[in-house]
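Laboratory data are not the source of any read-out in this text; all were calculated from the coordinates shown. Not measured: the values here are computed from a predicted model. For neighbour counting, all protein chains shown are included, and Cβ atoms are generated from backbone atoms with ideal geometry for every residue, glycine included.
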Ligand code: AGV
Ligand code: CA
């Protein structure tokens, strides 16, 4: 059966690779894409998205909508630059023109319109902050009924998150930290949430053997695309640093096509929306239910991503 999927991403290397992967899944009907300028700059991220749809979308027509949302806590500029590098890849610019349409409305409105006009419910895949979803829910509460579930890359219940910023205690994950109030708004809804948190994404760092595997298969156009993208970001070599890259969003997207790669359990949680722990997701009996993805079969995951990418 075909699954309706709407993607909202924030233009990182793993966000753009996630878009590429969704376009390779036979049983996914990608109904639209929203781009939010959180861990990216908007213009190159929207261009790169449209070029990926043109080059790797197998003729599908998918509209891309740019967000006008603003965050609370800005991402480091160095990370936000990555979208410029992907957008400039010769592999995406051979044609010299862009066909995939840009929506005429901002992405939270595009989300509302797309959910309303799609007959069956839609699975939301959010691999950046939840701002556009929070705004859409507040503007059009009726869309909750059209949402099958939300799969979100965000949050963690580990003691240490991945935010290292002044005036913060380090307990949050970045997508929650960028707009903690948006996460809280979504927590307050009755949408079913699958949380691909740092518990599982910490198990899939970018390592040199992963890069080498893709390099040695670069005669395949899709695998070359993976290799080119992951050449732009720092791998885990000796020690983990604040910049070390993981396949956060790619793991999230892979669960759409292959649920068997991960283990999930239901927990109850709240979100801190202000103060030194803002963006922290915390286990609490007073909180709402989320399905926490806490473990991944690493080897099967990388095999799945590589085979899905193969253009043949
Ligand atoms: O917290 C993970 C999220 C994912 O959606 N992003 C990157 C992924 O797209 C933010 C982030 C955390 N650490 C980073 C990030 C790093 N070292 N480099 C770039 N982005
Ligand atoms: Ca992201």
Among 210-219, 268-277, the order from most to least packed when residues are scored by Cβ within 10 Å on average:
268-277, 210-219
Two-decimal Rg to Rh for region 1-79 - Kirkwood Rh, Cα set
0.99
Got a sec? How would 55, 298 order by Cβ neighbour count within 10 Å, fewest to most?
298, 55
Overall form of region 182-302 per C-alpha gyration tensor (a/c, 1.5; a/b vs b/c)
prolate
Quick one: among 90, 141, 129, which has the greatest mean-square fluctuation in a GNM of the chain with alpha-carbon springs under 10 angstrom?
90
For residue 211 and residue 284, compute 0.36 nm times the residue count separating them, minus their Cα-Cα distance, and round to one decimal in nm.
22.3 nm
Alpha-carbon radius of gyration plus Dmax, which is the widest Cα pair, for the chain in Å
17.9, 55
When the chain is treated as a GNM, springs tying every alpha-carbon pair under 10 Å, which of 107, 18, 243 comes out with the largest mean-square fluctuation?
243
Of the residues 176, 46, 103, which exhibits the maximal mean-square fluctuation in a Gaussian network model of the chain defined by a 10 Å Cα contact cut-off?
103
Considering the zone a paramagnetic label at residue 29 would reach in this model (a point 7 Å from Cα along the Cα-to-Cβ line), which residues of region 90-120 have amide N under 11 Å from it?
118-120
Region 143-217-region 35-94 distance, computed between alpha-carbon centres (Å)
19
Pop the C-beta distance of residue 244 and residue 311 into the FRET formula with R0 = 22 Å and round what comes out to the nearest 0.05.
0.15
Ranked list, fewest to most other Cβ atoms within 10 Å of each Cβ, for 232, 153, 1:
1, 232, 153
Using Cβ contacts closer than 10 Å as the measure, can you line up 115, 124, 208 from fewest to most?
208, 115, 124
